[in-house]
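Since every read-out is calculated from the coordinates, none of them should be taken as a lab result. No experiment lies behind these values; they were computed from the predicted model shown. Neighbour counts are summed over all protein chains in view; Cβ atoms, including those assigned to glycine, are modelled from backbone coordinates with ideal geometry.
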Amino acid sequence: MESRLDRFTYDDAIVRKFVTATIVWGVVAMLAGLLLATQLAVPQMNLGLPFTSFGRLRPLHTNAAIFAFAGNAIFSAVYYSSQRLLKARMFSDRLSAFHFWGWQAIIVAAAVTLPLGFTQAKEYAELEWPIDIAIAVVWIAFAVNFFGTIAKRRERHLYVALWFYIASIVTVAVLHVFNSMALPAGWLKSYSVYAGVQDAFMQWWYGHNAVAFFLTTPFLGLMYYFLPKAAERPVYSYKLSILHFWSLVFIYIWAGPHHLHYTALPEWASTLGMIFSVMLWMPSWGGMINGLLTLRGAWGKVATDPVLKFFVVGITFYGMSTFEGPLLSIKSVNALAHYTDWIIAHVHSGALGWNGFMTFGMLYWLTPRLFQTSKLWSQRLAAAHFWVGTVGMLLYIVAMYTSGVTQGLMWLAFDKTGRLSYPDFVETVVRIIPMYWVRAVGGALYLTGVLMGSFNIFMTWRSRPKTYEEIIVEAAPLGPDNLPKRAEPTALEKAGVHVFGRKIDYFTEANWHRLWERKPFKFTVWVTIAVLVASGFEVLPTFLIRSNVPSIASVKPYTPLELMGRDIYIAEGCYNCHSQMVRPLRAETERYGEYSKAGEFVYDHPFQWGSRRIGPDLARLGGKYPHLWHVRHMENPRDINPQSIMPTYAWLLSDDIDFSVVQQRVDAMAMLGVPYGDAVLTAEKTAREQASLIAREIEEQRGPAGLGGKQIVALIAYMQRLGVDIRTPVAEPSSPTANANKQGASK
């Protein structure tokens with residue numbers, strides 16, 4: 001009797017939507033990146049407007065590149081490949097549509113709120129709490145749709161690409177939920193429930209693993225599906241796929257603390273992160289080797305096929321990035337590279353080379369199939385895109401490597417007398433400006449390639465048929481219990497050697513894993529356990545062992561006005577250019593003062609240690625300059641130092657402080673355990689009094705009058721507080737004339 005065949009169609013319409021979104025948001029993300037690169041070389045390109053300043057646009061660029069461009073590329077790959085690997089239409093067309101439109105709405109919300117200054121100031125997790133909730137809802141819808149499709153599959157085994165999709169969906173959900181825990185203090189304002197050291201730990205547990213499970217594992221799934229399809233070759237090694245997957249999932253989750261070497265994080269945590277980061281090199285290169293050797297016998301095709309060109313370079317950059325990541329986690333290397341443009345080069349080699357080129361390769365392969373055309377509109381234009389993009393990417397990355405090493409060496413340099421060779425931070429800035437120009441040129445070339453690719457795909461779309469053909473697929477359904485039947489033993493198993501009553505070949509031939517592949521629920525549970533166990537071993541000691549965050553008696557909460565100033569600092573994105581963490585390195589303590597300690601940050605929700613220094617560290621800024629210096633500096637930094645590349649913040653002198661929200665924000669901080677005492681009852685009054693005092697002192701220093709209700713005063717209150725709790729306050733000159741003289745000398 002013939003077995004019954006199910007007849008069904010795949011939903012390619014949803015894939016076409018995600019492909020279109022990938023292209024559109026890719027152009028937007030890279031346009032924003034080019035503008036930011038230009039702003040660093042020409043600060044006037046900030047345009048003197050709050051919503052076009054570097055500090056506000058930088059998180060917009062990163063979110064657009066990661067969640068809009070790469071995110072939509074991931075969903076294109078998942079929706080296309082999963083249906084074919086599972087021989088089933090997606091579980092719910094409505095959930096697919098909700099996922100697509102919900103994700104685009106989230107991106108639009110980010111594009112509106114970030115330039116307006118609504119941010120949580122956490123790398124790759126800047127979006128405020130209502131958008132975070134929306135992300136969770138849309139992600140759950142995606143997960144239900146994906147796992148529902150697995151449940152109704154007609155293919156018993158889960159192919160390797162699906163393993164990586166499962167790990168990505170599960171782990172991103174865990175990361176997002178725990179890192180985004182915050183207490184709302186308004187509709188678009190919240191404070192992280194974690195503070196200081198613990199907040200930094202949670203952020204980089206999330207930040208590093210967002211790179212791992214949003215920008216790595218789903219793209220590996222993409223690689224394992226689309227590369228063999230394009231090369232018309234099977235994956236090189238099934239066993240290497242297993243080793244690659246499980247070692248990557250378990251090891252990657254430990255590596256986050258290596259971002260916090262030499263900070264106030266307990267040393268055991270960062271050392272553990274370093275050890276696992278170095279171990280991570282092996283499974284990562286296993287995946288690279290598996291990808292490149294899949295092309296064995298197809299290298300002649302690589303020379304003529306732009307799709308394979310993109311894939312080969314993309315996988316090569318994956319190998320480069322995953323070698324460099326462990327290298328940068330080594331403490332001695334990190335001491336040189338951290339806070340420099342070396343990290344920018346590292347990040348962009350992965351983003352442009354690995355994520356970008358894998359996406360373009362996939363899009364060029366998908367386009368004729370999705371739009372049901374005989375071929376891509378222009379193979380020559382696709383090849384031109386490859387070469388223009390490659391040259392642009394290399395210019396960008398080499399420029400940033402050069403800039404980063406230059407910065408690191410200059411910051412650490414001492415002369416023969418034992419003094420800092422470059423005591424003025426701006427000396428390092430001036431030296432790397434030519435590299436910023438080279439980067440801008442490289443970025444422009446990469447963007448040109450993206451525009452060429454977009455035009456090519458658009459022209460392919462134009463040649464589509466008037467009506468897409470609904471292709472009927474036939475496949476046999478699985479049994480009603482959907483359970484695997486025991487396979488007949490292989491010849492190797494029959495001849496296998498017994499060890500403690502079991503055959504070696506059961507393990508060496510990976511039969512145990514084949515069994516897991518037939519049981520998606522069990523497979524997903526083991527992935528979840530691997531992620532949670534690895535996370536728990538690091539997270540729990542950091543939170544439960546009190547000695548990890550020793551208190552300092554002299555450290556007090558921020559006053560209500562200082563809290564408002566800190567919120568303004570965050571809204572303007574100052575953390576994108578300045579750190580607040582003096583590392584215990586001689587060069588840093590000579591330049592900035594006493595090294596930072598964990599107890600200084602117990603009231604910091606969120607932490608502000610920063611990840612880059614385009615400007616100097618601010619951890620010990622309080623009391624260093626009079627108030628009027630800060631007014632002039634924010635109004636136009638080049639009035640203080642003509643070589644500065646900092647944007648102007650003149651609007652802070654005219655925009656009013658919203659005193660009506662002060663009480664609400666102090667209440668929120670008190671709920672998080674900040675001991676405000678009587679300030680909880682009189683927050684607005686206290687803030688107004690301190691603002692009036694600072695405004696009066698500015699007038700006494702021969703500064704502008706009438707600043708008592710302006711945002712600049714709140715920002716000054718915060719900046720003058722930085723670092724003063726753990727050292728003897730620096731006495732300011734007693735007279736306005738002396739203050740003015742000091743201000744003039746600082747120029």
Table column - 3J(HN,Hα) (Hz), segment 105-120, Karplus curve with 6.51, -1.76, 1.60, x for Gly and Pro: 5, 4, 4, 4, 4, 5, 5, 8, 6, 5, x, 7, x, 8, 8, 8
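What FRET efficiency, computed as 1/(1 + (r/R0)^6) with R0 = 22 Å and r the Cβ-Cβ distance, is obtained for A13 and A105, rounded to the nearest 0.05?
Taking R0 as 22 Å, the efficiency between A13 and A105 is 0.70.
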Over the chain, the sum of -39500 (n - 2.57) across DSSP H runs of at least four, divided by residue number and rounded to 500 deg cm²/dmol, gives at 222 nm -19500 deg cm²/dmol
Can you figure out the FRET efficiency of I330 with K375, using R₀ = 51 Å and their beta-carbon distance, to the nearest 0.05? 0.60
Which of the aspartates and glutamates could a cross-linker bridge to K87, judged by Cα under 16 Å and excluding same-chain residues fewer than eight apart? D6, D11, D12, E155, E470, E474, E517
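Using the crude model of +1 on Lys and Arg Cβ and -1 on Asp and Glu Cβ, and no other charge, please compute the dipole size for the chain relative to its Cα centre, in debye to 20. Don't skip to the end; give the middle numbers.
Details: 65 positive and 52 negative charges, 440 e Å.
I would put it at about 2120 debye.
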So, in nm, how far is label D667 from label L188 when the simple model puts each one 7 Å beyond its Cα toward the Cβ? 2.1
Neighbours of R591 by Cβ distance under 10 Å: Lys/Arg at +1, Asp/Glu at -1, summed charge -2
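Net charge near E517, counting Lys/Arg +1 and Asp/Glu -1 over other residues with Cβ under 11 Å of its Cβ? Spell out each step's value before the answer.
Values: positive: R156, R514, R518, K519, K522; negative: E155.
Computed value for this residue: +4.
Could you calculate the contour length gain from L412 to E474, that is, 0.36 nm times the residue separation minus the distance between their Cα atoms, to one decimal place in nm? Please report the intermediate quantities before stating the final value.
Values: separation 62, 0.36 × 62 = 22.32 nm, distance 6.62 nm.
Result for the pair: 15.7 nm of gain on full extension.
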In whole µm²/s, the translational diffusion coefficient that Stokes-Einstein assigns to the chain, given a Kirkwood hydrodynamic radius over C-alpha pairs, 10 °C and 1.306 mPa s, equals 57
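Given contacts defined as C-alpha pairs under 8 Å and at least six residues apart, what's the relative contact order of the chain, whole-number percent?
In percent, rounded to a whole number, it is 16.
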Leading residue at positive end of dipole, segment 560-746 (Cβ point charges), from P584, A571, P647: P584
Whose amide H sits under 5 Å from the amide H of K710, counting only residues 5 or more places off or on another chain, with H placed in the peptide plane? I657
Sorted by chain and then number, the residues having a modelled amide H within less than 5 Å of the amide H of Y191, at least 5 places away or on another chain, are L183, A185
Starting from the amide H of F414, placed 1.01 Å from N in the peptide plane, find each other amide H under 5 Å away whose residue is 5 or more places distant or on another chain. S421
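Over all directions, what mean area does the Cα convex hull of segment 560-746 project, stated in square nanometres? Could you put the intermediate results ahead of the total?
Numbers: hull surface 42.7 nm².
Result: a mean projected hull area of 10.7 nm².
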Compute the FRET efficiency between M459 and W387 as 1/(1 + (r/R0)^6), taking r as their Cβ-Cβ distance and R0 = 22 Å, and round to the nearest 0.05. 0.70
For segment 303-312, take each phi angle, set θ = phi - 60°, evaluate the Karplus expression 6.51 cos²θ - 1.76 cosθ + 1.60, and give the result in whole Hz per residue in order, putting x for glycine and proline. 5, 10, 9, x, 4, 5, 4, 4, 5, 4
Based on the mean of other Cβ atoms within 10 Å per residue, sort peptides 57-69, 91-103 so the most packed one is first. 57-69, 91-103
Cross-link list K152/K229; K152/K522; K17/K309; K189/K556: which exceed 19 angstrom alpha carbon to alpha carbon? K152/K229; K17/K309; K189/K556
